[in-house]
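The values are calculated or read from the model by the stated rules, or taken from the named source; none is laboratory data. Source: prediction; values computed, not measured. As a convention, Cβ positions derive from the backbone with ideal geometry for all residues, glycine included, and neighbour counts pool all protein chains shown. In case anyone asks, the SASA skips ligands and DNA or RNA and just uses the protein heavy atoms, side chains included. Shrake-Rupley method; radii C 1.70, N 1.55, O 1.52, S 1.80 Å.
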Amino acid sequence: MPLEKRTDDRATGEERAPLAGPRSKIAPDGSKPVSLKILADYLGLCPATVSVVLNNVPGRSIPPETRERVRAAARKFNYQPSLLARSLRKQRTFTVGVLVPELSDGYHTLVMSGIGDHLMREGYFYFSAHHRHKPDMIEEYPRLLMGRGVEGIVAIDTALTHELPIPVVAVDGHRKIHGVTNVILDHKRAAELSLRHLHQLGHRQIAFMRGQPFSADSDDRWKSLVGVAKELGIEIRPELTIQLERDLTSPELGYPVVQELLRQRQRFSAIVSFNDIAAIGAIRALRDANLKVPEDVSVIGFDDISVAAYHTPRLTTIRQPLRDMGETAARILLQRMQGFKDYPEEFAVPPELIIRETTAPPHKRALKRRA
């Protein structure tokens with residue numbers, strides 16, 4: 001008897017299994033885990049076709065109706081692809097490491113949500129490790145993640161110092177390190193948007209917040225503000241420059257430094273905050289000093305975190321497309337992990353000015369009040 005051959009249905013693009021008697025017509029009874037072979041027999045398809053659909057393998061032309069039939073059967077019998085088998089077969093782990101300073105709400109979480117969404121769609125798993133900007137942890141965690149089999153790393157607001165033996169994409173990383181792709185915001189454009197907005201409103205006496213020394217964005221953002229202020233003829237005065245130091249992710253970051261600025265009775269009509277969280281703390285400090293925002297002092301933030309649009313008053317800010325930056329970082333990393341050689345060393349993302357309720361033209365009483 002000649003050997004049976006698999007048949008290729010040219011009309012549908014499906015690779016069908018040979019008829020194998022009554023077994024292919026009997027549905028699994030749910031008493032034991034369903035294997036790929038059993039699921040393929042039930043569907044009358046080749047196991048390779050079922051695997052391609054369930055693992056979202058690109059580049060295979062399989063009709064949408066076939067894909068839906070496979071997914072429906074997988075749901076019906078609670079079939080789960082074996083990641084271990086997949087890893088052993090391809091000698092890959094399909095796992096990524098994510099380095100992040102902390103895991104609270106705000107900037108870092110929004111970036112991570114973009115990373116996680118893209119990795120989930122592409123069938124990858126990830127480990128996250130938060131280091132609180134501690135140099136010893138930033139040095140040690142990549143080794144620990146590589147020891148757990150990660151094939152690449154996304155580093156968010158993390159001051160990497162040297163090349164790693166696997167692909168790395170840094171979100172808001174500004175150091176040029178071989179093998180590291182930096183996904184950054186265009187800080188020059190961000191500075192132009194914020195300072196031109198205040199300048200056009202009439203503000204000239206402006207207080208500035210400098211970011212913490214350990215934040216990856218601090219230096220570039222400050223240099224951009226200094227450069228644009230010079231172009232506009234805005235003086236950056238040392239007595240109106242606030243240096244943030246504390247590693248906080250709550251409005252307490254901006255509250256005490258603005259309190260101290262007010263105690264010095266300096267004249268200013270606007271504050272450029274390092275980020276939205278610090279801006280919210282600054283607004284609270286101004287209110288506790290019986291000053292109104294924006295009637296007495298305008299405040300502009302940075303990031304456009306979720307709470308910025310719902311704070312009272314709603315915060316004017318520079319929007320970073322944080323989820324998009326996370327997705328972009330994950331996409332570039334996976335391309336590099338898959339062997340793409342033509343990848344960028346830097347990918348700049350444009351910012352956007354979001355005008356809400358915390359900026360307005362200055363009032364003369366605002367300056368007289370602190371004279």
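Considering only residues of the range 292-321 that are aliphatic (A, V, I, L, M) and at pLDDT 95 or above, which is farthest from ARG221 (Cα to Cα)? Among those that are aliphatic (A, V, I, L, M) and at pLDDT 95 or above, it is VAL293. When we screen PRO81, PRO58 for residues that are over 30 Å from ASP172 (Cβ atoms), in a loop (DSSP other than H, G, I, E, B) and modelled with pLDDT under 90, the only hit is PRO81.
Does the range 261-273 contain any residue that is crowded, with 24+ Cβ neighbours inside 10 Å, within 25 Å of HIS199 (Cα to Cα), of a type in the set (A, V, I, L, M, F, W, C) and under 27 Å from the mean Cα position of the chain (by Cα)? Among the residues of the range 261-273, at least one is crowded, with 24+ Cβ neighbours inside 10 Å, within 25 Å of HIS199 (Cα to Cα), of a type in the set (A, V, I, L, M, F, W, C) and under 27 Å from the mean Cα position of the chain (by Cα), which makes the answer yes. Taken together, the criteria place TYR124 among residues that are crowded, with 16+ Cβ neighbours inside 10 Å and modelled with pLDDT under 95. The test for being in contact with a helix residue (DSSP H, G or I) (Cβ under 6 Å, 6 or more places away or on another chain) and open to solvent by 80 Å² or more (accessible area, probe 1.4 Å) does not hold for ARG287. When the residues of the range 61-78 are filtered to those that are surrounded by fewer than 15 Cβ atoms within 10 Å (Cβ to Cβ) and assigned to a loop (DSSP other than H, G, I, E, B), which remaining residue is modelled with the lowest pLDDT? If we take residues in the range 61-78 being surrounded by fewer than 15 Cβ atoms within 10 Å (Cβ to Cβ) and assigned to a loop (DSSP other than H, G, I, E, B), then SER61 is modelled with the lowest pLDDT. In the range 289-305, the residues that are over 21 Å from GLN266 (Cα atoms) reach residues that are among the small types (Gly, Ala, Ser) and surrounded by fewer than 24 Cβ atoms within 10 Å (Cβ to Cβ) with C-beta atoms within less than 7 angstrom, at least six apart or across chains, in these pairs: ILE305/GLY106. One residue stands out in the range 40-55 among those that are hydrophobic (A, V, I, L, M, F, W, C) and within 15 Å of PHE77 (Cα to Cα): the one that is most open to solvent (accessible area, probe 1.4 Å), namely LEU54. Exactly one residue among LEU160, LEU164 is open to solvent by 10 Å² or more (accessible area, probe 1.4 Å), aliphatic (A, V, I, L, M), modelled with pLDDT under 95 and touching a Gly at 6+ places or on another chain (Cβ under 8 Å), and that residue is LEU160. Candidates are the residues of the range 168-186 that are open to solvent by less than 30 Å² (accessible area, probe 1.4 Å) and not hydrophobic (A, V, I, L, M, F, W, C); the one that is farthest from ARG319 (Cα to Cα) is GLY179. Quick check: anything in the range 267-283 in a loop (DSSP other than H, G, I, E, B), basic (Lys, Arg) and at pLDDT below 95? Scanning the range 267-283, I find at least one residue that is in a loop (DSSP other than H, G, I, E, B), basic (Lys, Arg) and at pLDDT below 95, so the answer is yes.
Matching residues to (1) in contact with a helix residue (DSSP H, G or I) (Cβ under 8 Å, 6 or more places away or on another chain); (2) closer than 18 Å to PRO213 by Cβ; (3) without any contact (Cβ under 8 Å) to a residue 24 or more places away in the chain:
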residue: HIS131; (1), (2), (3): yes, yes, no
residue: PRO142; (1), (2), (3): no, no, no
residue: GLY147; (1), (2), (3): no, no, yes
residue: VAL150; (1), (2), (3): no, no, no
residue: VAL154; (1), (2), (3): yes, no, no
residue: ASP157; (1), (2), (3): yes, yes, no
residue: VAL171; (1), (2), (3): yes, no, no
residue: ARG189; (1), (2), (3): no, no, no
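Within the range 187-211, the set of residues being in a loop (DSSP other than H, G, I, E, B) and either crowded, with 18+ Cβ neighbours inside 10 Å or modelled with pLDDT under 95 (or both) comprises HIS203, GLY211.
ALA48 satisfies every condition listed in (1) more than 22 Å from PHE125 (Cβ to Cβ); (2) in a loop (DSSP other than H, G, I, E, B); (3) at pLDDT 60 or above; (4) aliphatic (A, V, I, L, M) except (2).
For the range 229-260, the set of residues classified as closer than 16 Å to HIS203 by Cα, open to solvent by 60 Å² or more (accessible area, probe 1.4 Å) and not in a loop (DSSP other than H, G, I, E, B) consists of LYS230, GLU231, listed by residue number. Of all residues in the range 186-214, those that are touching an Asp or Glu at 6+ places or on another chain (Cβ under 7 Å) and under 25 Å from ILE355 (Cβ atoms) total 2.
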